[in-house]
Structure formats: C-alpha cells, structure tokens
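Heads up: the structure comes next, in structure tokens.
The values are calculated or read from the model by the stated rules, or taken from the named source; none is laboratory data. The model shown is predicted, which means the values in this text are computed figures rather than measured ones. So basically every Cβ, Gly included, is an ideal-geometry build from the backbone, and we count neighbours across all protein chains shown.
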Amino acid sequence: MPRIERRARVAWEGSVARGHGALSAGSGAFGDLPFTLASRIGDPEGKTSPEELLAAAHAGCFAMSLGSELARDGTAPESIEVACTIVMDEVEGQGHQIVGSRLDVRAQSDASAAALDAAVARADEGCPFSALLKRAGAEVQISLG
C-alpha cells in the first residue's frame, strides 16, 4: 500500500474558554464542523470534538479491517456495525490524556463464533488506529454483540 496522507483544517477564534472553532476535511467530505471547549468537555449541543472525530476514525478503520479479515476467511460480512467510545481522563502528572477506546462490534457473517473471534483479534492487530492508541498507552477494548 502506498504512503497515505490526509489533511484537515481548523479555524479557531477567541480564547480556549470562550472561543469557538470549525473543522474542515481536505477532501471536502465535511466542512465547518463547529466545536468549542464546552462541546469537548460537556454537552455537545450539536457540535463535535477531537475525541468524537477520533472515535469515528477508530470505528471506521476497525470496521474495514474486520471486513477484510472476514473476506480473507471466505466469510465476507453482510454488514458490520462498530460503535466507538473514546475515553479521556486526567492522568497524574500528564493532564488530560486519551486512556481508552471501547469498540462495540456487530457483524453479520457466515463465520462461526470462533472464526469471528479470531477475525476480530486479527482486525484489532491490523487496524492502524488500534495500534496507534495502544502505542500511546491507551487500552483498546472490543466487545462482540
């Protein structure tokens, strides 16, 4: 696979406490998604946050990785749903850090339960976002439902 580069842009106005910003994708897939400190640490009120975008990225990456693993096993999925929750917490001496990512996975496939479990484990190993989070010291938890 060739080297992949993607871009996003943020425009921010004001202080951290009272300011506001907007995120845009270089691809044009989304633009001007609003975010604030309040949407990051409190009620989002229709705005996004870096953590929400990370959750979307991890869920998307994992779903593609699992689909690839199931197809390689000859049990290509009919559907895959992944819900991701990114957890940020205060870490003593380090401030707020991403400490975990929980993936709740549902897959419709002809794979047996054991084969699905094995595909999930391989998908986690092959997912670049899982690897990134683990190298950063975050825990990645996966539950199949």
Residue, surrounded by the fewest Cβ atoms within 10 Å (Cβ to Cβ), within region 60-102, restricted to residues that are more than 20 Å from P128 (Cα to Cα) and of a type in the set (S, T, Y) = S79
In region 103-140, which residue that is surrounded by 13 or more Cβ atoms within 10 Å (Cβ to Cβ) and among the polar types (S, T, N, Q) is farthest from A55 (Cα to Cα)?
-> S109
Members of region 1-47 found to be modelled with pLDDT under 95 and among the aromatic types (F, W, Y), listed by number = F30
Take the residues of region 23-59 that are of a type in the set (D, E) and touching a helix residue (DSSP H, G or I) at 6+ places or on another chain (Cβ under 8 Å): which is surrounded by the fewest Cβ atoms within 10 Å (Cβ to Cβ)?
-> E45
